[in-house]
1. Condition check: open to solvent by less than 50 Å² (accessible area, probe 1.4 Å) and either closer than 21 Å to Ala208 by Cβ or in contact with a strand residue (DSSP E or B) (Cβ under 6 Å, 6 or more places away or on another chain) (or both). Does Gly89 satisfy that?
2. Could you list, in sequence order, the residues of region 160-172 that are open to solvent by 10 Å² or more (accessible area, probe 1.4 Å) and within 17 Å of His198 (Cα to Cα)?
3. Output the residues belonging to region 129-151 that are in contact with an Asp or Glu (Cβ under 9 Å, 6 or more places away or on another chain) and assigned to a loop (DSSP other than H, G, I, E, B).
4. Across region 47-75, which residue is least open to solvent (accessible area, probe 1.4 Å) among those that are part of a strand (DSSP E or B), under 24 Å from Tyr5 (Cα atoms) and out of contact with any Lys or Arg (no Cβ under 6 Å at 6 or more places or on another chain)?
5. Taking region 1-12 on its own, how many of its residues are more than 19 Å from the chain's Cα centre (by Cα) and either open to solvent by less than 50 Å² (accessible area, probe 1.4 Å) or without any contact (Cβ under 8 Å) to a residue 12 or more places away in the chain (or both)?
6. Which of the residues belonging to region 13-46 are touching a Lys or Arg at 6+ places or on another chain (Cβ under 8 Å) and surrounded by fewer than 16 Cβ atoms within 10 Å (Cβ to Cβ)?
7. On the given criteria, is Ile25 in a loop (DSSP other than H, G, I, E, B) and under 30 Å from Gly214 (Cβ atoms)?
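The values are calculated or read from the model by the stated rules, or taken from the named source; none is laboratory data. Predicted model, so just to flag it, every value in this text is computed and none were measured. When we count neighbours, we look across all protein chains shown, and the Cβ atoms used for this are built from the backbone with ideal geometry, even at glycine. With ligands, DNA and RNA removed, areas are computed over all heavy atoms of the protein, side chains included. Shrake-Rupley method; radii C 1.70, N 1.55, O 1.52, S 1.80 Å.
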Amino acid sequence: MHIHYISDKNSILNHFLTQLRDVTIQKDSMRFRKNIERIGEIMAYELSKTLEYKDVAVQTPLGIKHTTTIAEPVVLCSILRAGLALHQGFMNFFDDAENGFVSAYRHHYDNDDKFEILVEYQAAPSFEGKNLILVDPMLATGQSLVAVLNKLHLEQNPKEVHIAVVIAAPEGIAYLVENLPSNCHLWVAALDEKLNEHNYIVPGLGDAGDLAYGNKL
């Protein structure tokens, strides 16, 4: 797997990440969503540098300009519901992309720390031969992303698979490396220390879905 860490150097990305984590700022859900969206825009730009491009000639009002454009179509896919704001950030840049949505959540059997990932809803276009970009803010155990990709891959074969996450735990990255093809790309805005005993990222930022859209039952 090709892993890309994009916050190693100081940039405005780190500023947005800091606000996401700050307990005095993240309570503003609109600001939280906007910061996730901004991070998505930055990640989309960095990811775009690795895509294949083709030569084109475009007519301007004054002549012909020879330039380049993305060679293969892009499909954006997010995991509901936490991925929606990040999805919007990517869609702001890949504005002609097709879009897909998948639900995946932790099902706890006895309200303890053991769980399985249930993937119950999928609405996605064909991504056969296209660039599939799967976005999810938090990479904790990695099981949700693997479950979603396994379900999608049963039906389609994309040209490339890119996974974009805002905050990742080392355990989740290791799980993806072990369970996904080596030609996948993983884009990480911030790498955190570890998972705690409840499989949540430390120091993390809390529950991204609840912070963005309100507490769930």
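1. Values: open to solvent by less than 50 Å² (accessible area, probe 1.4 Å): yes; either closer than 21 Å to Ala208 by Cβ or in contact with a strand residue (DSSP E or B) (Cβ under 6 Å, 6 or more places away or on another chain) (or both): yes.
When the stated conditions are applied, Gly89 passes them.
2. Pro170, Glu171
3. Correct list: Gly129, Lys130, Ala140, Thr141, Gly142.
4. Taking region 47-75 as the starting set, the residues that turn out to be part of a strand (DSSP E or B) are 53-60, 63-70, 74-75.
Narrowing the set further to residues that are under 24 Å from Tyr5 (Cα atoms) leaves 53, 70, 74-75.
Still in the running and out of contact with any Lys or Arg (no Cβ under 6 Å at 6 or more places or on another chain): 53, 70, 74.
On the way: Tyr53: 100, Ile70: 49, Val74: 14 Å².
The extreme case among them is Val74.
5. Total meeting the criteria: 2.
6. Once the filter is applied, which keeps residues that are touching a Lys or Arg at 6+ places or on another chain (Cβ under 8 Å) and surrounded by fewer than 16 Cβ atoms within 10 Å (Cβ to Cβ), region 13-46 yields only Ile25.
7. For Ile25, the condition - in a loop (DSSP other than H, G, I, E, B) and under 30 Å from Gly214 (Cβ atoms) - is met.
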